[in-house]
1. So if I check each of 127, 148, which one is over 24 Å from residue 20 (Cβ atoms) and under 16 Å from the mean Cα position of the chain (by Cα)?
2. Looking for whichever is surrounded by fewer than 19 Cβ atoms within 10 Å (Cβ to Cβ) and under 16 Å from residue 17 (Cα atoms) here; the options are 153, 119, 177. Which one fits?
3. Which of the numbered conditions does residue 171 fail, given that it passes all the others? Conditions: (1) in contact (Cβ under 8 Å) with a residue 40 or more places away in the chain; (2) surrounded by 13 or more Cβ atoms within 10 Å (Cβ to Cβ).
4. Does any residue in the range 174-203 that is over 15 Å from residue 148 (Cα atoms) come within less than 8 Å, Cβ to Cβ, of a residue that is of a type in the set (S, T, N, Q) six or more places away or on a different chain, and which pairs are these?
5. Tally up the residues in the range 33-55 that are farther than 22 Å from residue 15 by Cβ, at pLDDT 95 or above and over 13 Å from the mean Cα position of the chain (by Cα), please.
6. Test residue 162 against the stated conditions and say whether it is exposed (fewer than 14 other Cβ atoms within 10 Å of the Cβ) and either of a type in the set (A, V, I, L, M, F, W, C) or in contact with an Asp or Glu (Cβ under 8 Å, 6 or more places away or on another chain) (or both).
7. Please specify each residue of the range 76-88 satisfying the condition of being in contact with a Phe, Trp or Tyr (Cβ under 8 Å, 6 or more places away or on another chain) and either of a type in the set (A, V, I, L, M) or within 9 Å of residue 49 (Cα to Cα) (or both).
8. If I go through the range 85-107 residue by residue, how many of them are surrounded by 14 or more Cβ atoms within 10 Å (Cβ to Cβ), of a type outside the set (D, E, K, R) and more than 15 Å from the chain's Cα centre (by Cα)?
Amino acid sequence: MNGEPGADGLDRLLAEIRACRICAAQLPLGPRPVLQASASARLLIVSQAPGRRVHDTGIPFNDVSGERLRDWLGIDRDTFYDASRIAIVPMGLCFPGTAPGGDLPPRPECAPNWHPRLLPLLTRVRLTLVIGQYAQAGLLGLPRGTRLTDTMLTWREHLAHARLPLPHPSPRNRLWLARNPWFAAELLPVLRERVAEALFAAD
């Protein structure tokens, strides 16, 4: 136990989540929920769903997307995987399988079942990063199909509420990043500053 208020309840919930079998019949590799969370976490990362490598290792963002994301955040691997500081809770906690164009969407049963019970227990979160269109639809209330560029151009509005949308750091978004140099020039410095404040500033 980590000594934080509500830690016992969170630990019990995490054990329940990791034993989840709700959509086992629809998962080609079977259920393996991948997340990290602690009652003391200051930064919350809500992403889409684990990829195949993450499923195989059981470690969130343990792939090339994770390397890019850590670079965007300006933190090292040890900090990223410090659950006492950073919570990582995808919209879909298990690898959903693949389709011809990439991974399938997160299973629709997952977030409605677990997020309303889990996210309110993360009471010390100062900043939430909302990665990818499924997370942005779920947390920001954006219609599915909203163009990534349209979402990202409103990032300052969301940041005012301590939520920041980000494109998925997948190599598949390399072209979008090349076409939108303002992301690296304008948003990333603010992102790194706000991440540092969330993780390291005193209460």
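1. Just one listed residue meets the conditions, 127.
2. 119
3. Evaluating residue 171 over (1) in contact (Cβ under 8 Å) with a residue 40 or more places away in the chain; (2) surrounded by 13 or more Cβ atoms within 10 Å (Cβ to Cβ) leaves (2) as the failure.
4. If the second residue must be of a type in the set (S, T, N, Q), the pairs left are 199/79.
5. Adding up the residues that qualify gives 1.
6. So residue 162 passes the test.
7. 86, 88
8. 3
The values are calculated or read from the model by the stated rules, or taken from the named source; none is laboratory data. Note that the structure is a prediction, hence the values are computed from the model and not measured. All Cβ positions, even for glycine, are placed from backbone atoms using ideal geometry, and neighbour counts span all protein chains on display.
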